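Scroll down for the structure; my scribbles are underneath it.
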Amino acid sequence: MLGKERLKVITDRVLGFSGADQTEVVIMGGDEHLTRFATNRIHQNVSETDVTVRVRAVFGQKMGVASGNDLSDEALRHVVDAAETVARFQQDNPDFHSLPEPQPAQEIDAYIAATAACSPEQRAQGVAAICTLSRENGLQAAGAFSTEVQEMFVANSLGVAAYHCGTVAKLVTVIMSDDSSGYGAATAADVSTLDPEAVGRVAVDKALQSRHPTSIEPGAYTVILEEAAVADMLSSLGFTGFGALALQEGRSFMTGRLGEPVTGANITIWDDGLDPRGLVLPFDFEGVPKQRVALIEKGIAQGVVYDTFTAGREEGKASTGHSLPAPNTFGPIPLNLFMAPGTATKAEMLASTERGIWVTRFHYTNTVHPIKTVLTGMTRDGTFLIEDGVITRPLKNFRFTQSILEAFSRAEMLSSDCKLISGRRGGIYVPAAKIHEFQFTGTTEF
């Protein structure tokens, strides 16, 4: 960790080196520690300390970006010069108005000392609990246990100066037999809240229960999707349609549908970087404070997230604090997604299902049609047939091809408990879901 004061000194130096009309500096750094295991034993333990300095130089309506990880004055000057050179060779962007003005950002203490101080021995103990369970059951465990301290300082020549430091711990394992696999994972800011043995037990039980899988014909089935599968679908919505640039370019499923029903009335989705149930980040990569943004409220499309650039393209709009690091072709993206829970337990979902399929998670998902929100991918690490309210046998995996909004329109039940799932640069906090007529379009040989 460099700390707020030292990062402030560095950003001031960078701003002082710049001759651009406007300049932005984003410094991202941290300490990351990873214990990786396979075949029931640890095979790698690594630690990395790094920092990235990203400079955006603005001349009128021309912008250039350059980055490096050397904090010497000579290297910082070089990054500034490179950003300015890139900017001078750009064409004017008529939609660009300015970097953001400073706004007060809420300071949130997301630094957990136990996570920052977690030692290789502590991670090894957690891994040992998983591998012991796996070995005792004649299985093979693989996965990773990581702890990280992340810090970010954003400053610009207009007076923005925002700092945040937080921690995150992640544990994931896949446990396999010759013809089956099981999955377990957990994510938290506080490593002491993770229970590696419980994670391992879930994965072992899935691997044992899914031995000797059988086939059934693909088609439309009632499904019970565990939280990891729901999070995968929600993440896809975030990248394809919950951002203002996608809406402005007419490639979002929200285009022309704001204020209209897009899912069932039991679906409410929002983004909130300040909610401690997720992985907190109080401002975006422009230093703009994050806002809670209602995306879908009781099935009705409410809005999308904005950064400074996309807000400037619409009269009366302001950034909601959802910029990604420049240069950014995606536009603003929600990184801290939440879905409102329901009232059921997973046991109640199971008992209420006459015939259906239990899905642990998805794998290798890709968007087929962003406006129709069609997603395709595979089930993985625990797929089971449900008959008369009980799981009766394991199934070989399926390929699915399904509109996410249509699936959320047929969600009969949502679990009362939610789980934090690690996402891209953030977290997704979601319930499990029981959904009717989920489309499976193919099967596999495993």
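Do we have any residue at all in the range 280-289 that's under 19 Å from Q402 (Cα atoms) and out of contact with any Asp or Glu (no Cβ under 6 Å at 6 or more places or on another chain)?
The answer is no, given that none of the residues of the range 280-289 is under 19 Å from Q402 (Cα atoms) and out of contact with any Asp or Glu (no Cβ under 6 Å at 6 or more places or on another chain).
So in the range 111-134, with the set limited to residues that are among the aliphatic types (A, V, I, L, M) and closer than 19 Å to M1 by Cβ, which one is least open to solvent (accessible area, probe 1.4 Å)?
So the residue we want is A116.
When both residues are 6+ apart or on different chains and their Cβ atoms are under 6 Å apart, which pairs have a first residue that lies in the range 135-160 and is surrounded by fewer than 20 Cβ atoms within 10 Å (Cβ to Cβ), and a second that is assigned to a strand (DSSP E or B) and at pLDDT below 95?
From the range 135-160, the pairs are E148/G30.
Looking at (1) under 24 Å from the mean Cα position of the chain (by Cα); (2) under 30 Å from F384 (Cβ atoms); (3) at pLDDT 95 or above, which one does M152 not meet, given that it meets all the others?
Of (1) under 24 Å from the mean Cα position of the chain (by Cα); (2) under 30 Å from F384 (Cβ atoms); (3) at pLDDT 95 or above, only one is false for M152: (2).
What tally of residues in the range 72-96 results from selecting those that are over 16 Å from A326 (Cα atoms) and aliphatic (A, V, I, L, M)?
2
Select, from S422, S403, the only residue that is closer than 26 Å to L279 by Cα and either of a type outside the set (F, W, Y) or over 21 Å from the mean Cα position of the chain (by Cα) (or both).
The unique qualifying residue is S422.
If you take the residues in the range 195-214 that are among the polar types (S, T, N, Q) and open to solvent by less than 70 Å² (accessible area, probe 1.4 Å), which one is farthest from I421 (Cα to Cα)?
By that ranking, first place goes to T214.
If I ask for residues that are within 28 Å of T379 (Cα to Cα) and either of a type outside the set (A, V, I, L, M, F, W, C) or at pLDDT below 95 (or both), which ones from the range 155-177 would you list?
The answer is K170, T173, S177.
Picking from G241, G259, which residue would you name as being surrounded by 24 or more Cβ atoms within 10 Å (Cβ to Cβ) and either outside the structural domain of F440 (by TED's automatic domain parsing) or in contact (Cβ under 8 Å) with a residue 40 or more places away in the chain (or both)?
Checking each option against the conditions leaves just G241.
Got a sec? Which strands (runs of 3 or more DSSP E) wholly within the range 335-426 have at least 3 residues that are crowded, with 20+ Cβ neighbours inside 10 Å and among the β-branched types (V, I, T)?
The strands (runs of 3 or more DSSP E) meeting that bar are 355-369, 374-387.
Quick test for you: out of T52, T35, pick the one residue that is in contact (Cβ under 8 Å) with a residue 12 or more places away in the chain, surrounded by 13 or more Cβ atoms within 10 Å (Cβ to Cβ) and closer than 30 Å to S181 by Cβ.
T35
Select, from T373, T360, the only residue that is in the same structural domain as E226 (by TED's automatic domain parsing) and either more than 23 Å from V262 (Cβ to Cβ) or among the hydrophobic types (A, V, I, L, M, F, W, C) (or both).
T360
Could you count how many residues in the range 178-194 are farther than 14 Å from T379 by Cβ and surrounded by 16 or more Cβ atoms within 10 Å (Cβ to Cβ)?
8
Go through the range 215-235 residue by residue and tally those that are within 20 Å of L385 (Cα to Cα) and either of a type in the set (S, T, Y) or surrounded by fewer than 16 Cβ atoms within 10 Å (Cβ to Cβ) (or both).
So the answer is 8.
Kindly list, by first and then second residue, each pair from a residue in the range 312-326 that is touching a residue at least 12 places away in the same chain (Cβ under 8 Å) to a residue that is of a type in the set (K, R), limited to pairs with Cβ atoms under 9 Å and residues at least 6 apart or on different chains.
The qualifying pairs are T320/K290; T320/R292; G321/K290; H322/K290; L324/R425; P325/R54; A326/R54; A326/R56.
Identify, by number, the condition in (1) crowded, with 21+ Cβ neighbours inside 10 Å; (2) within 26 Å of the chain's Cα centre (by Cα); (3) over 30 Å from M176 (Cβ atoms) that A66 doesn't meet.
Condition (1) is where A66 drops out.
Quick one: I175 ticks every box in (1) touching a Lys or Arg at 6+ places or on another chain (Cβ under 8 Å); (2) closer than 30 Å to N137 by Cα; (3) open to solvent by 10 Å² or more (accessible area, probe 1.4 Å) bar one, so which box is it?
It fails just one condition, (3).
May I ask you to list the residues in the range 292-322 that are within 16 Å of G427 (Cα to Cα) and open to solvent by 10 Å² or more (accessible area, probe 1.4 Å)?
The answer is R292, V293.
Please verify whether E101 is modelled with pLDDT of 95 or more, in contact with an Asp or Glu (Cβ under 7 Å, 6 or more places away or on another chain) and not small (G, A, S), treating the condition exactly as stated.
Judged against the criteria, E101 is not a match.
Could you figure out which of (1) crowded, with 17+ Cβ neighbours inside 10 Å; (2) assigned to a loop (DSSP other than H, G, I, E, B); (3) not acidic (D, E) isn't true of F446?
Result: F446 fails condition (1) only.
The values are calculated or read from the model by the stated rules, or taken from the named source; none is laboratory data. Because the structure is a prediction, the values reported are computed rather than measured. As a convention, Cβ positions derive from the backbone with ideal geometry for all residues, glycine included, and neighbour counts pool all protein chains shown. Just so you know, the surface numbers come from the protein's heavy atoms only, side chains and all, with ligands and any DNA or RNA stripped out. Shrake-Rupley method; radii C 1.70, N 1.55, O 1.52, S 1.80 Å.
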